[in-house]
Amino acid sequence: MQVSKLKTIVNLSLNDILPALDIDGGVSSKPILGKTTIQSIIDLLSSTPGGGGNSSGAFSVPTTIKTVAANSDYFIGIDVDGLLYKISKADLLAGLTSSSSSGSGSGSGNTGTIISGYPAGMALLLEGGSLVDKSNNARDASPFGSNSPSLATGIDGKSVLRWNGSGTQELQIAPFLGNAVGATIYCVFTIYQADNYNLVRTFGLDDYWKFVSGSGYFRTFRNSRFDGYPASMPSTGSHLVSIHADFNTYEVMVDRISKGQQQSTFTPGDRFRIGTKDKLFTGDIATLLVYPEYISPNSTKDVAVKNTIKSNYPSLSFS
């Protein structure tokens with residue numbers, strides 16, 4: 001069912017029906033879905049302290065109808081324990097699975113859905129402190145070992161995955177880029193301690209996103225390591241790093257500023273590891289987004305991705 005195709009009811013009636021979840025009823029005291037009228041809800045509220053009948057003015061049927069919800073608007077839900085919670089439109093869309101799309105084991109990715117406002121064509125999206133792939137490709141992350149990063153509140157109050165510097169929280173995803181001829185990564189992360197770190201590894205070499213010297217020794221999407229590229233990688237704070245790679249060009253950008261281009265030997269790799277355990281990363285990953293294609297820096301698609309990231313994380317230092 002597509003919500004966008006539902007008819008908007010402009011004038012509500014007290015006899016209109018709403019779905020309701022009876023959390024105490026059903027078989028073996030399990031929740032059961034039922035229905036109720038708006039009048040019944042008003043009658044219930046009028047019998048509670050501070051409530052009142054519809055005619056008293058203490059509670060009335062809403063007359064404001066929105067046809068478009070803002071990203072900051074909230075929806076009310078009920079979790080598995082029967083507790084009410086609120087979720088923003090942006091986070092709700094990020095968690096929805098389109099019934100018309102399915103995953104692919106090749107490098108093609110899902111090209112028919114926009115999640116969290118990002119352009120279509122994603123191969124992987126980890127966001128919101130979850131190991132569940134929100135690109136609709138079912139490429140969920142799992143611990144490579146006994147421990148996983150913890151769920152925490154990080155940049156701009158958003159849920160993030162947090163590494164504690166123990167070197168025991170590496171994540172893995174089965175290689176998914178197949179025969180792709182290029183790839184682009186966008187990673188929003190926060191550093192709490194100026195350790196060496198490597199946030200994405202695609203080959204089993206001793207590579208670094210930041211070495212003790214401050215420079216990177218990148219090998220993500222390569223069959224050989226760059227030595228001392230890029231220079232001056234972040235050692236504190238929150239940042240966006242993007243990697244743009246194909247058979248001709250390799251370019252790392254930090255907070256929308258290029259670290260220079262290198263000649264490339266692109267290869268999809270034989271693994272996909274996150275927060276590698278041989279580098280004692282102390283920090284958060286808020287978003288890890290991968291496209292199975294080369295996205296040219298400052299192209300229309302690149303700008304759209306980075307504008308969405310900036311909207312989601314307004315405290316990032318770039319505009």
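The values are calculated or read from the model by the stated rules, or taken from the named source; none is laboratory data. Just so it is clear, the model here is predicted, and its values are computed rather than measured. Ideal geometry is used to build each Cβ from the backbone, glycine not excepted, and the neighbour counts take in all protein chains shown.
Restricting 225, 256, 273, 219 to residues that are more than 19 Å from residue 317 (Cβ to Cβ), in contact (Cβ under 8 Å) with a residue 24 or more places away in the chain and of a type in the set (Lys, Arg) narrows the list to 273. Here residue 177 does not fit the description of being at pLDDT 85 or above, within 25 Å of residue 299 (Cβ to Cβ), crowded, with 22+ Cβ neighbours inside 10 Å and in contact with a helix residue (DSSP H, G or I) (Cβ under 9 Å, 6 or more places away or on another chain). Restricting attention to segment 222-244, does a residue exist that is in a loop (DSSP other than H, G, I, E, B), closer than 13 Å to residue 274 by Cα and either at pLDDT below 95 or not assigned by TED's automatic domain parsing to the domain that holds residue 122 (or both)? The answer is no; no qualifying residue exists.
For segment 277-311, filtered to residues that are touching a Leu at 6+ places or on another chain (Cβ under 8 Å) and not in a strand (DSSP E or B), the residue that is surrounded by the most Cβ atoms within 10 Å (Cβ to Cβ) is 281. Tell me whether segment 253-268 contains one or more residues that are under 18 Å from residue 160 (Cα atoms) and assigned by TED's automatic domain parsing to the domain that holds residue 210. No: segment 253-268 contains no residue that is under 18 Å from residue 160 (Cα atoms) and assigned by TED's automatic domain parsing to the domain that holds residue 210. Mind listing just one residue for me: the one in segment 262-319 that is over 18 Å from residue 121 (Cβ atoms) and among the β-branched types (Val, Ile, Thr) and, of those, modelled with the lowest pLDDT? The selected residue is 265. Evaluating residue 257 against the criteria (1) at pLDDT 95 or above; (2) touching a strand residue (DSSP E or B) at 6+ places or on another chain (Cβ under 7 Å) leaves one unmet condition, (2). Has segment 132-146 got at least one residue that is farther than 23 Å from residue 311 by Cβ, surrounded by 14 or more Cβ atoms within 10 Å (Cβ to Cβ), modelled with pLDDT of 95 or more and acidic (Asp, Glu)? Yes, there is a match, as at least one residue in segment 132-146 is farther than 23 Å from residue 311 by Cβ, surrounded by 14 or more Cβ atoms within 10 Å (Cβ to Cβ), modelled with pLDDT of 95 or more and acidic (Asp, Glu).
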